[in-house]
Amino acid sequence: MKGILKKISQINFGLMSPEDIRKMSVTKIVTPDTYDEDGYPIEAGLMDPRLGVIDPGLKCRTCGSKGGDCQGHFGSINLARPVIHVGFADTIHKTLRSTCRSCGRVLLDNNEIKNYHEKIEKMFKNEESVNNLIKEIYTVARKDKCPHCEEEQEDIKIDKPVSIVEGNYKLTPSEVRERLEKIPDEDSLILGVNPKVARPEWTILTVLPVPPVTVRPSITLETGERSEDDLTHKLVDILRINQRLKENMEAGAPQLIVEDLWELLQYHVTTYFDNEASGVPPARHRSGRPLKTLAQRLKGKEGRFRSNLSGKRVNFSARTVISPDPNLSINEVGVPEIIAKEVTVPVYVTEWNMEEIKKYIQNGPKVHPGANYVIRPDERKIRIYEETKDTVIEKLEPGFIVERHLKDGDIVLFNRQPSLHRMSMMAHEVKVLPYKTFRLNLCVCPPYNADFDGDEMNMHVFQTEESRAEAKSLMRVQEHILSPRFGGPIIGGIHDHISGAYLLTREGSIFREEEIFQMLKHAKVPLPKKTGKNWTGKQLFSLLLPDDLNVVYRAEICRKCDECLKKECKNDSYVVIEDGVLKSGVIDDKAYGAFSGKILDHIVKEYGTDRAREFLDSATKLAIAGIMKKGFTTSTNDEEIPQEARERIEELLDKAESRVERLIEAYKNDELEPLPGRSMEETLEMKIMQVLGEARDKSGEIAEIYFGMENHAVIMAVTGARGSMLNLTQIAACVGQQSVRGGRIKRGYSERTLPHFQKGELGARARGFVHSSYKQGLDPLEFFFHAMGGREGLVDTAIRTAQSGYMQRRLVNALQDLSVNPDRTVRDNRGIIIQTMYGEDGVDPAKSDYGKVVDLDRIIEEIRIKSSK
Amino acid sequence: MKKSAWGLVDAFFNQYNLVDHHIKSYNDFVNNRIQDIIDITEPIVLEQGEYSVKTGKLEIRKPFTKEADGSKSMVYPTEARLRNLTYSAHMYLDMALIKGDEEQPPEKVYIGELPLMLKSDICHLNGLSERELIAKGEDPQDPGGYFIVNGSERAIVTMEEIAPNKIILERIGEVEDRRARAIVTSIKSGFRARITLEYRKPRKKGVFLRISFPYVPGEIPLVVLLRALGMGTDEEIVTSVSDEKDMQFLLIDDIETSNQAFNIEPKELEEMTLKERRDYFIHKAVKYIGNRVAKGMTEEYRIKRAEDVIDRYLLPHIGVEPEKREEKAIYLAEMTEMLLQVIFEVREPHDKDHYTNKRLRVSGDLMEDLFRVAFTSLTRDMTYQLERSLARGKEPSVKQAVRSDVLTENIKHAIATGNWVGGRAGVSQLLDRTSYMGTLSHLRRVVSPLSRSQPHFEARDLHPTQFGKICPNETPEGPNCGLVKNLALLVKISEGSEPQEIEDLIKKMGVLDSLVEAKS
């Protein structure tokens, strides 16, 4: 829709006077009947056609627009007696408390009034909030005698939720209205009511505005019946009581009956505005379910604010299952053709792109890349069909908008829920592919926390050039390689990338030249000159590194021996890269892995995100090519240990169990030495857990002796690809002690865990120590204890996901207005300073070095290297 | 497991069905409990005893249906599933109208339909061989144990709840807080009463031990209630609770404090004999309760109401007659001793997840609750109908007064929607027919009543007492983790037995009656 751009200067919240309501209403509503026998809406009833139409096809009587366009028009109900608006009950109460009952002036003497007036004027000028001052005024303006007319004041209490009681006498809304009318304008300013937009007496309703039919549409059930909206039901109630009240008043009914009906009218109007008002029984449907009235429509998670305004359902979005594709760049996303033909991009036709766009229209809506719609300057949308596309092409002129299919290179927003951090929504380049899933490069799984067991992800297509440009410069995946949480890379190699790189670059991996060139072709790396000789893996990897890169570090497989042999390390774990050549050391998790990639980190910081993307793309593809050449598998044989190892482990565990028995003996004989600050039981438990933990670790060490680097499971554990030595220990040697809530298994039958044990048994097996390894198999009791420990883990995960969502919501709501200003302070939207310098040090964590402000070691090293040349 | 052990498992399943617990429970309900409910329900009495209706035996016939042309035919489950019928049996009750003294001959009246559990005793499919089942259009492997209501198969899932009629002690807050509570969920004939006895330091002056039970707003001091139940003297109260000095002193304190609230004239007391004093205190206590229960009424009415409330709503499982008051007093004294033991850290509070403190309510138990309420509403409706026909001057006829719809719709609606009496939702669920294993798993499900939105860490953990009873592995991931459980393979659920039987047996064996002991 075209129009003149206007800038909003101010929003004022005020009240509507009864005249305003009458002015804006198109008709007076009198009868509670909605439809007559033929199914037509009755005049002056609630479904009056002048209030608006919902049926497509009917015309609105007031504005003449058709079904879908008419926004509806308000009506009004003249209430027989004034009624208090439940939302203002507190305000009315406070106002009455602070003003005199006879003369209506505020209960402050003239000096105070002048004082406050000045203060308020000053605050208005400074654009400060006057809320606190008004609160103060309310607490001060309570005196027993009016300073202006010397009248005695009485205590005014509020009876939940809408009856005002003065002393012992209940005030009717008419009386309240009279008192509020007496308040002069200047005094109402002090009480916090701006006389330009609202008068206090307007909080008592004499005319009730009736929302249009579009606000409370009726639904037609499959049986043919028309079911009315909850609000319509409520309005019917109000109208009925209003009618009865009027009739009774005119017929001169006794006071009691009139008052009763008035109370009932007040109740109906109260529940119309808020059905969950405290102190009032909620109005119910015939079935017993409470009605959903105006306040409920706005409140809560499913209300207007949270569910329709802060977050909406949008067009031009798509969602399917994701699947992996290592051949894409990290910036790209594979979009199924079906989706690409459905979600479109609007393009302005100019004389320079006419030809290209004509080609799209020529393809039509069914062939990709084509176009679906053409929008003329008069905003008519023309659908392109096979038959009509030629006419459309003829009529095409610059100034039209064409909605063309999504094609390769377009920028889209890709997102996985729950979106806990900003890396859950990143901009990708489209690559249209066959079949029906979104395809994702594997390196970009950690920030989305996506796995391919059926996860679905959402895609949003940008509709304007500005948003496309913003996304391309700020939100692309390569910009987010470094995480603002800890300053290191969050996008990097995972699983096979790392074990592949290890296999490629370890000592002894030598390839023939043709193999090398095959791998380079796979990795889409520009081919070097042929040398005719065999290549080592390290030379191969060096082709990917930028020419002036200098890095030195210890790889993940480093054993952390006491005396580091550096370049002579037996495990080849001292990585040295000089001038872009890998001189020594293997490439593994520490090189370009997702959470600790040092090389990746340096390339991003020193060469920029483009170069980092190229490096990551080619390094991962090369690692995959390498692992495909070498071959990689695993089986249970990888965890096989010889008989003598088994025997040694048995021995070790037996010794540990007897030590535990001795500790228990000592405890029973009161010989145990308590640790400082702990009771005897606690000491015993801690010592036992320590002994058993050591036993498991030591048995793991025994098993490790028999594992070499030829063992594929060990390669994966040691290089950091997947798993750890603990996993191998549990499979091969001993599973270890199961724990529930930090301690050994305690709960169960009285004084013992299971009836298979004696009462009072504290031994290792009786409290959840699993002796066997996974390979040997657990016996039934060990299995049960293991299930207990495992269950705790599942419960934890389930509870944590629910609570993390709430925590994230609270944090986001608290922080979303804060921003860093050009003067380096962190301020919120009111201008109040939160921090004088961002994070107290002014450092963007994504650009910092794992949290440190400056990486001094690196700088010194660079200088050293430069000076040594 | 060695090969020979599997033979045992096979033998078990040759004898028992996988959903035996449902079928046995339903059979027990149909064969025994329905008759009990009908016998116990208050008979219909009109016109101050002029007329009354006597109920007799209930007969349940196998399911049949009347076609549009009037012919009757046997309904089999397959037909019910296809034609969206309810697989239910008609119930005929012997009712006799008693006018004044003469009793008219009892007639068999059709009172409604009871949905039938497949493969139960009254089902057509009971005992059929494999070939016969196939001939009727049924899958011979189908386990049965579910209902067919309006064409859809509904399984009533077993509900796990805290054992009723048992004293459960729990500590509130930390050990140092010295606060604890004893709860008894007393159930009698479907009426649930929760009696809570709490020990805590009063904010201002007051007693430490307070008790609350239904129909009495707020809490009343324990000592007052014990008095009202018949323990008139201080000595009776103190000794029946405990022999420990510390606990006795606590009670003495409470007695002192509560006596102050009574405004007793010491001079009056001196003049009375022991017996008179006892009665005086009892009377005072009953008046105190009366003030709480029916404020502002005449004293006579208050006393009557107080006694009524104590008899009917305090510990109903012990009994509702006035003679049981002494037993109730001893029960409360025992509760108090256990509670004080928790406070003094002599006894550990109960583990609410220990399976001894849990009971499973299988389909038969749940149907019993439902039937009780439905039958009561049927009798009420009958009363109304009979009164109306009397008011018109017509001779009341039992057959015409019965509207079978009331009972039928009540039961059908509950099973069809899953909204049970007592406010529970999700009791009956659409049977999972994803695969054979899915069906079996659904029928062997056990659901806890705790809310899914709260963490409830301890309730979700695998408790060692579940060994052999509840499967350690099968539980859903996500918000229901640990609250929805499944029965283990070789589980048999035993039915409850009459407490009277067991009492008689142990008395025969020589256990002394606590009441007699206390008196001597």
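The values are calculated or read from the model by the stated rules, or taken from the named source; none is laboratory data. Please read all numbers here as calculations on a predicted model, not as lab measurements. Methodologically, a virtual Cβ is constructed for each residue, glycine included, from the backbone with ideal geometry; neighbour enumeration extends over all protein chains shown.
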What tally of residues in the range B:433-457 results from selecting those that are outside any loop (DSSP other than H, G, I, E, B), of a type outside the set (A, V, I, L, M) and exposed (fewer than 15 other Cβ atoms within 10 Å of the Cβ)? 3
Got a sec? Which of A:Leu527, A:Leu544 is in a loop (DSSP other than H, G, I, E, B), of a type outside the set (Val, Ile, Thr), without any contact (Cβ under 8 Å) to a residue 12 or more places away in the chain and touching a Phe, Trp or Tyr at 6+ places or on another chain (Cβ under 7 Å)? A:Leu527
Being more than 28 Å from the chain's Cα centre (by Cα) and closer than 21 Å to A:Val432 by Cα is the filter here; which residues of the range A:338-361 pass it? A:Ile338, A:Lys341, A:Pro346, A:Val347, A:Glu356, A:Ile357, A:Lys358, A:Lys359, A:Tyr360, A:Ile361
Flag if A:Thr801 is at the interface with chain B (Cβ under 8 Å from one of its Cβ atoms), polar (S, T, N, Q) and surrounded by 12 or more Cβ atoms within 10 Å (Cβ to Cβ): no
From B:Gly482, B:Gly478, grab the single residue that is under 30 Å from B:Phe12 (Cα atoms), free of Cβ contacts under 8 Å to residues at least 40 places away in the same chain and of a type outside the set (Lys, Arg). B:Gly482
Does at least one position in the range A:787-796 carry a residue that is surrounded by fewer than 12 Cβ atoms within 10 Å (Cβ to Cβ) and farther than 23 Å from A:Arg662 by Cα? yes
Where residues in the range A:393-438 are surrounded by fewer than 13 Cβ atoms within 10 Å (Cβ to Cβ) and among the small types (Gly, Ala, Ser), which of them is nearest to A:Gln816 (Cα to Cα)? A:Gly409
Return the only residue of A:Thr91, A:Thr139, A:Thr95 being under 30 Å from A:Leu245 (Cα atoms) and surrounded by fewer than 20 Cβ atoms within 10 Å (Cβ to Cβ). A:Thr91
Enumeration of residues in the range A:820-836 that are surrounded by 13 or more Cβ atoms within 10 Å (Cβ to Cβ) and out of contact with any Leu (no Cβ under 8 Å at 6 or more places or on another chain): A:Val820, A:Thr825, A:Gln835
Counting only residues that are of a type in the set (Lys, Arg) and either outside any loop (DSSP other than H, G, I, E, B) or within 13 Å of another protein chain (Cβ to nearest Cβ) (or both), the range B:466-495 contains a total of 2
In the range A:164-188, how many are among the charged types (D, E, K, R), surrounded by 15 or more Cβ atoms within 10 Å (Cβ to Cβ) and part of a strand (DSSP E or B)? 1
Taking the range A:1-53 and keeping only residues that are out of contact with any Asp or Glu (no Cβ under 9 Å at 6 or more places or on another chain) and assigned to a helix (DSSP H, G or I), one is left with A:Pro18, A:Glu19, A:Asp20, A:Ile21, A:Arg22, A:Lys23, A:Met24, A:Leu51
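Name the residue, out of A:Asp828, A:Asp849, that is modelled with pLDDT under 85, away from chain B (no Cβ under 14 Å) and either more than 30 Å from A:Leu600 (Cα to Cα) or out of contact with any strand residue (DSSP E or B) (no Cβ under 7 Å at 6 or more places or on another chain) (or both).
After applying the criteria, what remains is A:Asp849.
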Among strands (runs of 3 or more DSSP E) entirely inside the range A:386-434, those with 1 or more residues being within 17 Å of A:Ile322 (Cβ to Cβ) and either of a type in the set (Asp, Glu) or assigned by TED's automatic domain parsing to the domain that holds A:Asp451 (or both) are A:411-415, A:425-433
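The rows are residues; the columns are (1) over 28 Å from A:Thr634 (Cα atoms); (2) away from chain B (no Cβ under 14 Å).
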position	(1), (2)
A:Ser679	yes, no
A:Met689	yes, yes
A:Leu692	yes, yes
A:Gly700	no, yes
A:Ser724	no, yes
A:Ala764	yes, yes
A:Ser773	no, yes
A:His786	no, no
Apart from one, (1) in a loop (DSSP other than H, G, I, E, B); (2) under 28 Å from A:Tyr774 (Cα atoms) all hold for A:Asp638; the odd one out is (1)
Scan the helices (runs of 4 or more DSSP H) fully inside the range B:2-101 and keep the ones with 3 or more residues being without any contact (Cβ under 8 Å) to a residue 60 or more places away in the chain. B:3-15, B:34-40
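Residue by residue, here is whether (1) surrounded by 19 or more Cβ atoms within 10 Å (Cβ to Cβ); (2) modelled with pLDDT of 90 or more; (3) under 44 Å from the mean Cα position of the chain (by Cα); (4) not assigned by TED's automatic domain parsing to the domain that holds A:Ser724 holds:
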site: A:Gln643; (1), (2), (3), (4): no, yes, no, no
site: A:Arg646; (1), (2), (3), (4): no, yes, no, no
site: A:Glu651; (1), (2), (3), (4): no, yes, no, no
site: A:Asp654; (1), (2), (3), (4): no, yes, no, no
site: A:Arg659; (1), (2), (3), (4): no, yes, no, no
site: A:Glu681; (1), (2), (3), (4): no, no, no, no
site: A:Gly693; (1), (2), (3), (4): no, yes, yes, no
site: A:Arg696; (1), (2), (3), (4): yes, yes, yes, no
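Which ones in the range A:552-567 are among the charged types (D, E, K, R), assigned to a loop (DSSP other than H, G, I, E, B) and surrounded by fewer than 18 Cβ atoms within 10 Å (Cβ to Cβ)?
Of the range A:552-567, the ones among the charged types (D, E, K, R) are A:554, A:556, A:559-560, A:562-563, A:566-567.
With assigned to a loop (DSSP other than H, G, I, E, B) added as a condition, the list becomes A:556, A:559-560, A:562-563.
Listed by number, the residues that qualify are A:Arg559, A:Lys560, A:Asp562, A:Glu563.
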Test of understanding: among A:Val586, A:Val575, which residue is assigned to a strand (DSSP E or B), hydrophobic (A, V, I, L, M, F, W, C) and closer than 18 Å to A:Ile715 by Cα? A:Val575
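Considering only residues that are of a type in the set (Ser, Thr, Tyr) and assigned to a helix (DSSP H, G or I), look in the range A:804-823 and name the one that is farthest from the other protein chains (Cβ to nearest Cβ).
Among residues in the range A:804-823 that are of a type in the set (Ser, Thr, Tyr) and assigned to a helix (DSSP H, G or I), the one farthest from the other protein chains (Cβ to nearest Cβ) is A:Ser804.
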Checklist (1) under 22 Å from B:Gly468 (Cβ atoms); (2) surrounded by 22 or more Cβ atoms within 10 Å (Cβ to Cβ) applied to A:Glu761, failing item: (2)
Do we find that A:Arg747 is charged (D, E, K, R), touching a Cys at 6+ places or on another chain (Cβ under 9 Å) and either outside any helix (DSSP H, G or I) or within 12 Å of chain B (Cβ to nearest Cβ) (or both) in this structure? no
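If I filter the range B:421-465 down to residues being away from every other protein chain (no Cβ under 14 Å) and within 21 Å of B:Thr356 (Cβ to Cβ), which single residue comes out as modelled with the lowest pLDDT? Write out each step before concluding.
Looking only at the range B:421-465, we keep the residues that are away from every other protein chain (no Cβ under 14 Å), and these are B:421-422, B:424, B:426-447, B:449.
Subsequent filtering for residues that are within 21 Å of B:Thr356 (Cβ to Cβ) retains B:446-447, B:449.
Values: B:Val446: 95, B:Val447: 94, B:Pro449: 91.
Looking at the filtered set, the residue picked out is B:Pro449.
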Residue that is in contact with a Ser or Thr (Cβ under 9 Å, 6 or more places away or on another chain) and either surrounded by fewer than 18 Cβ atoms within 10 Å (Cβ to Cβ) or modelled with pLDDT of 85 or more (or both), where the choices are A:Val197, A:Val213: A:Val213
Which of the residues belonging to the range A:463-492 are part of a loop (DSSP other than H, G, I, E, B) and surrounded by fewer than 19 Cβ atoms within 10 Å (Cβ to Cβ)? A:Gln463, A:Thr464, A:Pro484, A:Arg485, A:Phe486
